[in-house]
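Okay, so here's the structure we're looking at.
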Amino acid sequence: MNDIGVRIARALVKIFGRLPLGFHYSMSRLVCWVVKDVMRYRHDVVMTNLARSFPEKKYRELESIADAYYRHLGEIIVEALWFGASDGERMRKSGILTVMNPEVMNAVFESSPSVTVLYSHCGNWELFGGLLASGTATGTPLIIEEEHIKVVYKRLHNAFSDSFFMLNRVSPLERAGTSCEIESSDILRYAVKHKDEKNVYIYMADQYPYQAAYDVGEFLHQPTVAMAGSVRVAQKFSHAVVYLKMKHVSRGRYEISFIPICGDASAMSCDEMMKRYFELLEQEIKETPHNWLWSHKRWK
């Protein structure tokens with residue numbers, strides 16, 4: 001029954017998603033109003049997270065960031081619906097994603113057994129399936145092929161939401177039957193089985209962890225724990241480790257940059273890699289404060 005519901009929801013999204021991106025952005029204002037003012041979706045969580053993360057800011061400044069966040073959240077929702085009905089050509093024409101330094105990813109991919117990419121809830125993670133269809137700032141294409149990308153995800157508690165969003169965010173090739181999603185509890189088993197393949201493993205590394213947790217120390221002025229399975233797997237198989245930054249430039253424009261953390265994870269401790277990841281994430285959040293998922297219950 002759940003599968004039927006997911007298919008119906010996906011069919012409706014596909015019909016609605018075929019409308020122009022400009023139409024979706026006009027709807028984002030309504031979505032923002034409903035989420036922020038009608039539902040007041042996690043308003044207390046957002047304000048608490050902001051106040052603790054930016055203790056030096058006054059209440060009006062925090063309110064301004066919160067307002068910008070909810071506008072951005074409305075855009076994330078409509079962009080995800082639009083992407084759910086998009087193909088590679090539509091992604092390229094929209095210009096919604098631009099890879100700023102493809103040469104960095106190409107170099108580490110060529111020189112390493114595999115690459116571990118540490119991502120976050122900055123930008124719009126629901127668009128990531130369109131990475132290979134996006135343009136580049138330098139004109140140099142990414143040399144990664146579709147079959148190289150393996151997205152490691154943490155399963156949502158709601159089975160319907162988990163199935164729906166997994167299907168909605170994948171690329172056109174995956175919709176045709178090429179699967180690249182790996183549940184985080186299965187990643188070590190998968191990496192061992194495919195250790196002789198050159199892959200790009202992508203982790204959403206800022207999520208609240210399962211029971212086993214790594215103590216990050218202070219992140220945004222708060223004691224923080226995280227999942228460290230990504231760097232442990234990278235260390236075991238000598239992967240290169242890269243931070244993925246997604247900057248929200250303006251409505252309909254995101255810039256992706258790759259920042260190397262290490263060329264060989266076996267030569268670096270898990271502690272060093274995780275600390276570097278959270279340093280880069282904190283720097284990114286401070287540059288564009290509205291661009292992170294503040295409604296996420298990151299600290300529990």
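Bear in mind that the values in this text are calculations on the coordinates, not laboratory data. Keep in mind it's a predicted model, so treat the numbers as computed, not measured. Backbone-built Cβ (ideal geometry, glycine too); neighbour counts: all protein chains shown.
Worth pointing out:
- Considering only alpha-carbon pairs that sit under 8 angstrom and 6 or more positions apart, the relative contact order computed for the chain is 24 percent.
- q = 0.11, 0.13 Å⁻¹: log10 I(q)/I(0) that the Debye formula gives for the range 9-82, counting C-alpha atoms only: -0.35, -0.46
- By the Stokes-Einstein formula, at 0.890 mPa s and 25 °C, the chain with its Kirkwood radius over alpha-carbon pairs has D equal to 123 µm²/s.
- The dipole here belongs to the chain: it is taken about the Cα centre, uses +1 on the Cβ of Lys and Arg and -1 on the Cβ of Asp and Glu, and is about 820 debye.
- Relative packing of peptides 112-120, 263-271 - highest average C-beta neighbours within 10 Å first: 112-120, 263-271
- The range 236-268 versus the range 192-225: alpha-carbon centroid distance in Å: 13
- Burial ranking of peptide ranges 103-109, 193-199 (average Cβ count within 10 Å, highest at the top): 103-109, 193-199
- Measuring against 26 Å, Cα to Cα, the residue pairs 236/286; 58/286; 275/297 contain 236/286 as the ones spanning a longer distance.
- Bridgeable aspartates and glutamates around residue 150 (alpha carbons under 13 Å apart, same-chain partners fewer than 8 residues away excluded): 174, 181, 183, 186, 197.
- Ranked for footprinting exposure by Cβ neighbours inside 10 Å, fewest first, 219, 54 give 54, 219.
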